[in-house]
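Note sheet for the following structure.
The values are calculated or read from the model by the stated rules, or taken from the named source; none is laboratory data. All values derive from a computational prediction rather than experimental measurement. A quick note on method: Cβ atoms are made from the backbone with ideal geometry, for glycine too, and the neighbour counts reach across all protein chains shown.
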Amino acid sequence: MSTTQPIVLAAELAVAWGDIQRHHPDLPDLAAPESLIGESSSACGTELNFERLLHEAAHGLAAARGIRDTSRAGRYHNRRFLGLADELGLDHSADPHPSSGFSLVTMRPETRERYAETIERLDLALGAHSDAASGKGERGRTFRGPATRHGSSGGGVRVKAVCGCGRNVRVVPSVLAQAAIVCGACGQPFQIAASNGA
């Protein structure tokens, strides 16, 4: 995959987040858009798209307002999350899921219309990233690297990464290898911790 692909996609994610912030000024900045690339969470949705970005924005509003919107280690999305999702133009049409609550939200038609240009731009970037990641490049040439040939997705298990001020995040090593994730507090990149048993 081209090393510029994750950078381009991260930039498009940041622009899309900025478009959401124009409608919701108290939404904090997205500190590390590249951290969404390749990350999957069954509770928040596995596919990265604009709807997922709005879902993450609901969590961002919760953080900014000091609202506890999840429980069970972030898996169960409660009614406070649903209220924030509603504010962002997302609906939940059914009763809560027993283990993930109201996490399965969908965009309303008027939300899709409001962000039509943003969605189109992000979809193009996601498509280019997906093509590059799968080896579907120019002129139909493909190369299946060792991880692909041996059945590894290159992701999965998260490890602890630490910044200069000692804050830590859990991240899939392949995501960290794509581009630096920078701490919003000290400005230093997160590095995989020497001891990853924690």
Taking segment 82-127, which residues are under 17 Å from the mean Cα position of the chain (by Cα) and assigned to a helix (DSSP H, G or I)? A85, T118, I119, R121, L122, D123, L124, A125, L126, G127
Would you pick out the residues in segment 88-121 that are touching a residue at least 40 places away in the same chain (Cβ under 8 Å) and in contact with a helix residue (DSSP H, G or I) (Cβ under 7 Å, 6 or more places away or on another chain)? L88, V105, T106, M107, Y115, T118, I119, R121
Out of A11, A63, A31, I need the residue that is assigned to a helix (DSSP H, G or I) and either at pLDDT 95 or above or over 30 Å from D95 (Cβ atoms) (or both). Which one? A11
Please verify whether segment 76-83 includes one or more residues that are surrounded by fewer than 19 Cβ atoms within 10 Å (Cβ to Cβ) and small (G, A, S). yes
Any idea which of A147, A177 is out of contact with any strand residue (DSSP E or B) (no Cβ under 6 Å at 6 or more places or on another chain), farther than 22 Å from A32 by Cβ and either in a helix (DSSP H, G or I) or modelled with pLDDT of 75 or more (or both)? A147
